[in-house]
1. Report the number of Lys pairs in the chain whose alpha-carbons are under 29 Å apart, with separation of 8 or more residues or on distinct chains.
2. Amide H of residue 67: which non-local residues (sequence gap of 5 or more, or other chain) have their own amide H closer than 5 Å, using H built in the peptide plane?
3. At 0.36 nm per residue, and after removing the present C-alpha to C-alpha distance, how many nm does the segment from residue 106 to residue 31 gain when stretched out fully?
4. Spelling out what I want: for every residue of region 82-90, take phi, set θ = phi - 60°, compute 6.51 cos²θ - 1.76 cosθ + 1.60 (Karplus), and round to whole Hz; glycine and proline get x.
5. What is the spin-label model distance, in nm, from residue 63 to residue 45 if the labels are put 7 Å beyond Cα along the C-beta direction?
6. Taking amide H positions as placed in the peptide plane 1.01 Å from N, state which residues far from residue 59 in sequence (5 or more) or on other chains have amide H under 5 Å from it.
7. If each residue's Cβ is checked for other Cβ atoms within 10 Å, how do 13, 35 rank with the fewest at the top?
8. For the peptides 80-89, 14-23, what is the packing order when you average, over each peptide's residues, the other Cβ atoms within 10 Å and list the highest mean first?
Amino acid sequence: MPHFLIDCSESIFRLQSEEQIIEQVHFAAKSTELFNENDIKVRVNSFKKYSTGNKIEDFIHVFSNIMEGRSNEQKANLTKKIVQELTSILPTVPNIGANIIEFENANYCNRNILQTRNFANK
């Protein structure tokens, strides 16, 4: 946790490498100091076919999936940093965005939690 899922037009990789885009999103998340760097996960989904408001223009959008508990100011700063970093390396891309999706602590589970809370035996 957190997970940053990047959706983008495949043609963006002519402007910047997939690795560079991942690195910029990772850097933006790290720079907010909201997360342990080793916990930050970034993945990319690229699309050959898409439309952006009735047009075919390059796009990139980051869906930031984070644990609940951050203030609105912290979340706004996170999305702003992501968009700023991507805009700096993709200045000609007209559609760059980011949003936050929060996991609820009460219903989130992963392998470490399963082992720590000993849910495996229940």
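No lab work stands behind these numbers, since they all come straight from the coordinates. Keep in mind that this is a model prediction, so the values were computed, not measured. Note: ideal-geometry Cβ built from the backbone for every residue, glycine included; neighbour counts use all protein chains shown.
1. Summing the qualifying lysine pairs gives 14.
2. Sorted by chain and number, the residues that satisfy this are 103.
3. On the way: separation 75, 0.36 × 75 = 27.00 nm, distance 2.75 nm.
Full extension of this stretch gives 24.3 nm more.
4. 4, 5, 4, 5, 5, 4, 5, 9, 10
5. Placing both labels 7 Å beyond Cα along the Cβ direction yields 0.5 nm.
6. The answer is 9.
7. Details: 13 15, 35 19.
Fewest-to-most ranking of 13, 35: 13, 35.
8. Details: 80-89: 17.7, 14-23: 14.5.
Taking the mean over residues of other Cβ atoms within 10 Å, the ranking is 80-89, 14-23.
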